[in-house]
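A.B. asks: Okay, here's the structure, questions in a sec.
Values in this text are rule-based calculations from the coordinates and carry no lab data. All of these numbers come straight from a predicted model, not from anything done at the bench. Neighbour counts run over all protein chains shown; Cβ positions are idealised from the backbone, glycine included.
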């Protein structure tokens, strides 16, 4: 039987690299894909193991089709698709160009939608296949300074819910992961803008998220719902927003943002 195969986008660095490393260590065949061909090849070389690499833009459906065809021709299967590629801009809405904000929505929403759509034929052919979409705790309640990013992750959350139900009859499990702030290069952008990062702190590493991806993929029986909360802070925020009235959630989000802005002023 051939190795189980996982296809990871945004695999050159950060969370994507950590996910690839976790599956390589377990003996899987890992497809590592990124928009930066040189970077993802260098990462794959450093990790070793059974890896395949390629470069494409996740907003390009034809790029997806080509990459998936090459990957599945080599592996004969697609057990797990990890839609990890994503970008972020941080700061007041009016101070960020529309071009930059459109790019966030294109990569984070259109990229995930493209991946799910283009991978479906291969997922259907692989018994027990799964999709893992990278969402964010910012999808739980909108945060000032991360408006476009939070909106994109809320869309991923909704898409995951829909496909979890729609693809259940096909035997394909669909989950998303919702971490809060993770210690990656993306945090440089978060810290430079107006957000709650300094107030809440950064308590997760890429390896923490990768381990949760691994556990989600191997959880049997099926998880009771599609959303996987990563880290104690996300779980606390989720529990709070679930039981608190809307006005209180809004107040807390505003307080966090205000405290962060005061911290940056000093």
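A.B. asks: Once the Cα gyration tensor of the range 33-152 is found, what semi-axes does its equivalent ellipsoid get, as square roots of 5 times the eigenvalues, in whole Å, sorted largest first?
C.D. replies: Value: 29, 17, 13 Å, ordered largest first.
A.B. asks: Rounded to two decimals, what ratio of Rg to Rh does the range 63-127 give with C-alpha atoms and a Kirkwood Rh?
C.D. replies: Answer for the range 63-127: 1.15.
A.B. asks: Now for a different question. Rank the residues 117, 122 as a footprinting-exposure proxy: fewest other Cβ atoms within 10 Å of their Cβ go first.
C.D. replies: In increasing order of surrounding Cβ atoms, one gets 117, 122.
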